Every structure is written in structure tokens, then in C-alpha cells.
Amino acid sequence: MDPSWKRVLEEVSKEIPPTYFDKFIYTLQLESLTDDRCILIAPSSNIKTHVEKKYQNHIEEAIFRASGNRVPVEIVLEAQSNLNVVLEEKFKDKSYSFNPDYSFENFIVGNSNRLAFSAAMECVKNPAEINPLYLFGKVGVGKTHLLHAIGSEILKKEPWKTVHYVDIKSFMSEFLFALQSRDSIESFKIKYQSYNCLLIDDIQLLNTGAEKTQEEFFTIFNFLFERKRQIVIASDRPSSELPLHERLKSRFVTGVQADIQAPDREIRIGILEKNCQILNLGLSAEHIEFIADLIEDDTRALLGALNDLALHKRAFSHLFFTTSMIEDILKNRIFRKKNFLLSQDKVIEHISSLYNLDPNEVMGKSRKPEYVIPRHLCMYVLHKGFRLNKSQVGRMFSAEHTTVIHAVRNIENKMKDDKDFSIKVEEVLNRFRFQ
């Protein structure tokens, strides 16, 4: 893109009175105009501030009319212009290297993930039409796979674009490091504002305690959103359950929220068939169905099972597998899965029986004291003993994750104050804890 700056000025002059145009716009110098952004140099801080406040949108619209492309305008003081040249060179290659295994072609589609898959494809076909796309679901259902697929497909289609994947922990670490220097924080902002597409993973780890990081993320989000840059966010829970300030959560509901459920049997069989071919395992349809029925809620666990079999095939030179061999090789996975499924229901039944209550009453919404403690104890055991996250436990009880937080704290406080109760809790944990 190489539009004439004179043409841009002509477009701006159509919307701004001559007096203000001469005083504020005509005094700006063009530093650079690329596909990523336009940098203008202001002769004074007063002019810089006034143009940013009153006329920056007019300039961006004028560039669009002159060139057909939308690019953000950045206004700097003359002393800053040399810094921006250095920063532009530093961040010249902004695109992330995406995992080639995480492609749309390798993503097995079924009823449990069809909406998310369709929305992800739409982000590639029509960027920013769905903005932001918010993907949520528990671990191992394919959120990261879709993020990588979106990124790599956009670059295949439009290789000149800048596309970046980042998990929120890395974003936070990078931001905290940048805060140590004014130049670093400026480069951090320019870097993230330059992306055509930003893919953010594990947003649930950004909490209300990280005030400055939240503020910076909010600013970057708004900058990209207002300029029609594609944003895709992945989380283990709905945006309504995120531990974030409301003004940030409210931004996430403007696009599409796609829930990715645990893979159904059709998807599990598809994943196993595809990866069996890659690993050259030669499993029969019967064996694939056996493993699909064994491991029901996590695609990573499915792949782990296949890796176990592949390792045994190499180590012991197996020519084929029998069902008993597969069962023996995967016995630890079988035990843990059966134990978990049995115990998840039994724990509620057991705690209900300790208090002589109907499990349905414990699972209900009554706030009577005789129901609250056993209900909180169930939540505590499921969270602590089974390592379920608070959102997963909340869904079992049709409750928010904040309710589970309160339940866990309530039980912990009661254990500190009541030794007999503490012993009872440990007995329940020991009864259901994985060996």
C-alpha cells in the first residue's frame, strides 16, 4: 500500500474547517504509512494531544477512502520518531509459528464442537465479522487446536498479515517485564496494537488482582476491536464466570460465545482412527471402539492412550494387539477412569447418607443449614479430592464458580474450628481419593 499523503490530506480537509485543518492537520509530518499502521510526527505535545482526541478517526477514515485499507494512526513527537523506527524493525516479524498438527483438516467435527468449528472457520473467511470469538470448554476439548488452526489458515490465505497466539500467562509476564522501562512498555503497546489477529488462550488466569495487566489488556482489546482486527479468546469457563472486572467481561459478549463440550463417541472414534493411521498402530474397529468407550471426556487422554500403545509396539515389537493386551497396557487409565466415574456419583450419595439426607436435597438449592454443610462438603471433596476445577463442580450443582469458592472456604474454616469435623472430612477424602 502506497497511497499519496496529499490525497489523504485532501480527504481530511473535506471534513475539517480550514482554520483547524491548517493549525492541526497540516502541521503533521508523515513518518511512515504501511499495511500495519500510519505514524505521524506532531511538532508539539499540545497538537499531538488535540489531534488524537479530535481528528485521529478522521485521518484513519481518510486513509481508508484513499487506499481501501484500514490502518491505525499513531501520532508521536519528533523526539519519539527515531524510537519508533527501531521498534518497527524489532517487531518486523510479528506472526507466531503455529503447530501444523493443529489444523482445520485434523480437527474432528461432531455435534459437541460443530458451533465452535464453524465460528472459527468464519473468522478466517470473514475476519472481524464475529468479534471477538470466545471459545470455552474444559481441558482437552480442542480450544488450543482451533486457535492454532485459525492463525495458520489466516496466514495461508493472507501471508502479509500479522497474526499472534499468546497464552495469558505469557502476556502477563511480558507486560510485567515491559513495565520496568518506559521504552519497553511503549514497544509492548506498539507490538500488540500492530496485530491483524490476536489469539488469546487461558483468559481465565487473568484475575482481578492483576489491575495493571487487566487495564493494559482492556486498552489493547479496545484498540484492536475498534479497528476491526480479529480477536479470538479461549477459556475453561463462560465469560460470565471469569474473575475479571465487569467492563472487560462485557466486551466478550459482543461477539459469539461457543461452548465446546466433551467429545462424543463419534468424535472420539474419529480422533482414534486418524491418529492410529499416523502412528501405524493397525488397531481394528473393535479395538478403537473399546478405547473410545474407555476414555470419554478428554482428547488428550485419547492421544495419550495411543502413545502408550505405540511405545509398547516399538519396545516389544508387537505385530498386533488383542483386547486383553490393550486392557493390560492401559490398565492405569482404565482404573482411574472407572474409579472416577464411580466415585463422582458415590461421593454425593455417601455424604448424603452421613447426614441422613436424600442426595436430591443435597444437590438442590435449599439454604437450610442442614443442607448447606453437606452440599458444601460435596463441593469441597469433588474439588480437592478429584481435582475438578470450581467451574466443573459448579456445573454439577447448577451453581456459579463463586459459590464453589465460598463452599470450599466454608469447609476449610469449619475444619480449623472443629476437630471432629476435620477428621470426618479426611475420612471422606481417603475413601474416594485416587490411589
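The values are calculated or read from the model by the stated rules, or taken from the named source; none is laboratory data. Keep in mind the model is a prediction, meaning the values are calculated, not measured. Backbone-built Cβ (ideal geometry, glycine too); neighbour counts: all protein chains shown. The area values use the complete protein model at the heavy-atom level, side chains included, leaving out ligands, DNA and RNA. Shrake-Rupley method; radii C 1.70, N 1.55, O 1.52, S 1.80 Å.
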Identity of the residue in segment 251-266, modelled with pLDDT under 90 and aliphatic (A, V, I, L, M), that ends up surrounded by the most Cβ atoms within 10 Å (Cβ to Cβ): 262
Condition check for residue 282: surrounded by fewer than 18 Cβ atoms within 10 Å (Cβ to Cβ), assigned to a loop (DSSP other than H, G, I, E, B) and not charged (D, E, K, R): yes
Test: residue in segment 24-38 that is open to solvent by 70 Å² or more (accessible area, probe 1.4 Å), within 27 Å of residue 189 (Cβ to Cβ) and part of a helix (DSSP H, G or I): no
Count of residues meeting criterion [at pLDDT below 85, closer than 25 Å to residue 137 by Cα and in a helix (DSSP H, G or I)] in segment 364-392: 7
Qualifying residue in segment 207-219 (condition: open to solvent by 60 Å² or more (accessible area, probe 1.4 Å), in contact (Cβ under 8 Å) with a residue 60 or more places away in the chain, farther than 22 Å from residue 120 by Cα and over 17 Å from the mean Cα position of the chain (by Cα)): no
Flag if residue 108 is closer than 26 Å to residue 268 by Cβ and open to solvent by less than 50 Å² (accessible area, probe 1.4 Å): yes
Residue that is most open to solvent (accessible area, probe 1.4 Å), among those in segment 111-154 that are aromatic (Phe, Trp, Tyr) and over 15 Å from residue 299 (Cβ atoms): 136
Answer from 413, 356 - the residue that is open to solvent by 40 Å² or more (accessible area, probe 1.4 Å), assigned to a helix (DSSP H, G or I), not acidic (Asp, Glu) and not assigned by the TED database to the domain that holds residue 139: 413
Any chance residue 66 is under 23 Å from residue 226 (Cα atoms), surrounded by 14 or more Cβ atoms within 10 Å (Cβ to Cβ), touching a Pro at 6+ places or on another chain (Cβ under 6 Å) and of a type in the set (A, V, I, L, M, F, W, C): yes
